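Right, one structure below, let's go through it.
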Amino acid sequence: MNPMVNVLLVNESRNTLAQLEQILNEIDDLAIVGVALNGAAAIRMANESKPNLVLMDLELPGLRALSALCTIRSMHPAVEVAMVSAPTAG
C-alpha cells in the first residue's frame, strides 16, 4: 500500500481549483487537504494542513507565488512543490 499523499492546491481561479479537485479526487492514495486562492493563504494552509505536495499556480494575487513557495519551503523543507500555469482567456 502506498502512503497517502496530502495535497494543497493554490490557484486564484475557483474554476481551475474545482477542475483540479475533480481530477485529483479520482486518484487513490491522494487527499486534498487544503485549497488557497493566494500566496498568503497558501502559507497559512501549509502550516495548518502539513501537505506532502503543493500544486501552486505561478501567477497569484498579492504575495507572489515564488515568495510564498520560499516561505513554505523554509518552514516545511520536505514538502514537494509543483508550479503550474495555464493560459488566460484573452
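Among the residues of segment 19-59, which ones are under 16 Å from MET4 (Cβ atoms) and of a type in the set (Val, Ile, Thr)?
Passing the criteria: ILE27, ILE32, VAL33, VAL54.
To keep it simple, each residue is scored yes or no on (1) out of contact with any helix residue (DSSP H, G or I) (no Cβ under 8 Å at 6 or more places or on another chain); (2) part of a loop (DSSP other than H, G, I, E, B); (3) among the hydrophobic types (A, V, I, L, M, F, W, C).
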| site | (1), (2), (3) |
| --- | --- |
| ALA40 | no, no, yes |
| MET45 | yes, no, yes |
| MET56 | no, no, yes |
| LEU60 | no, yes, yes |
| PRO77 | yes, yes, no |
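Looking only at segment 73-87, decide whether some residue is under 13 Å from ASN6 (Cα atoms), in contact with a strand residue (DSSP E or B) (Cβ under 7 Å, 6 or more places away or on another chain) and among the hydroxyl-bearing types (Ser, Thr, Tyr).
No, that holds for no residue.
Those residues that are within 13 Å of ALA65 (Cα to Cα) and either surrounded by fewer than 17 Cβ atoms within 10 Å (Cβ to Cβ) or not hydrophobic (A, V, I, L, M, F, W, C) (or both), I need them from segment 1-54; list them, please.
If the condition is that a residue be within 13 Å of ALA65 (Cα to Cα) and either surrounded by fewer than 17 Cβ atoms within 10 Å (Cβ to Cβ) or not hydrophobic (A, V, I, L, M, F, W, C) (or both), then ASN11, GLU12, ASN38, GLY39, ALA40 are the ones that fit.
Every number in this text was worked out from the coordinates using simple rules, so none of it is lab data. If you're wondering where the values come from, they're calculated on a predicted model, not measured in any experiment. Neighbour counts are summed over all protein chains in view; Cβ atoms, including those assigned to glycine, are modelled from backbone coordinates with ideal geometry.
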